[in-house]
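Asks: Could you have a look at this structure, given as C-alpha cells, before my questions?
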C-alpha cells in the first residue's frame, strides 16, 4: 500500500512536470503519449521496454520474418523494422483499444503498418475474456487486480495465424502477460528463434519453469536474457 502510494505521487508529479509533452523518444523511436495513463506516461519516458528491444537487436537479422504476440502500441515492431531492417512482420494484439495508438506511432515514425491482427493468441480458436488495464502493458487474459474492464475478444492459435500470413515467420516474439503458459509447447516448434517474456508472478514459478523446460526439450538453446525475457535459438 505504501509503495503504491509513493508510485502514485511520483506519477502525478511527473505528469505535472511534463505538461504539454505529447511524445517520448525511446531508442530513436517516437511514441505518442495521447491517452496513456499517468503510470504509463512515466514508464514510457523512462525507457519503456528498451532492454527487450536491445536484446532483439542483438539477436535478430534483417532476413528474419516475425510473428509478434502482444504488440501493445507497436514499439517492438518499430524497433525491429527501423533499427534491424526487418520487412516481414505480423503484429497480434488482443486489446482493440490500442489499435489507434499503434497506428499513430507508425505514422509518427513514417513507417507503413505491417500485418495487424486484433485477436488474442491462445491454445485454440474461439473467443476469450480479456482484461483491459488502464496501464496498457498490464492488460491480460488472466484476471488481475488492476483491470478496468473485461472484453470478449476473438482468439486464434499460432498455427491458425501462421497459415493466414503472406509469409512464413521464423521468429516468434511473445509478451502476453502470463498467457504464455497456455500455449501448447508444440506450437513453438516451427520457429527458429523465440523471444518470450515469462511472468512467474502471474502464472506461478512452477508453470513458468515448465514452459522453459518444454521449449529447451524441443531443441532450443538460450541465447540471452534480460529481466523476465529470454531469447532462444533452435540448435537441432
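No lab work stands behind these numbers, since they all come straight from the coordinates. Here the structure is a predicted model, which is why all the values come from computation and not from measurement. Neighbour counts are summed over all protein chains in view; Cβ atoms, including those assigned to glycine, are modelled from backbone coordinates with ideal geometry.
Asks: How many residues does the range 15-36 contain that are crowded, with 18+ Cβ neighbours inside 10 Å and either over 17 Å from the mean Cα position of the chain (by Cα) or part of a strand (DSSP E or B) (or both)?
Replies: Residues that pass the stated criteria total 5.
Asks: Now for a different question. Considering the range 46-65 alone, what residues qualify as being assigned to a helix (DSSP H, G or I), surrounded by fewer than 19 Cβ atoms within 10 Å (Cβ to Cβ) and without any contact (Cβ under 8 Å) to a residue 60 or more places away in the chain?
Replies: Correct list: 50, 57.
Asks: Got a sec? Which strands (runs of 3 or more DSSP E) wholly within the range 89-134 have at least 3 residues that are in contact with a helix residue (DSSP H, G or I) (Cβ under 8 Å, 6 or more places away or on another chain) and in contact (Cβ under 8 Å) with a residue 40 or more places away in the chain?
Replies: By residue number, 120-122.
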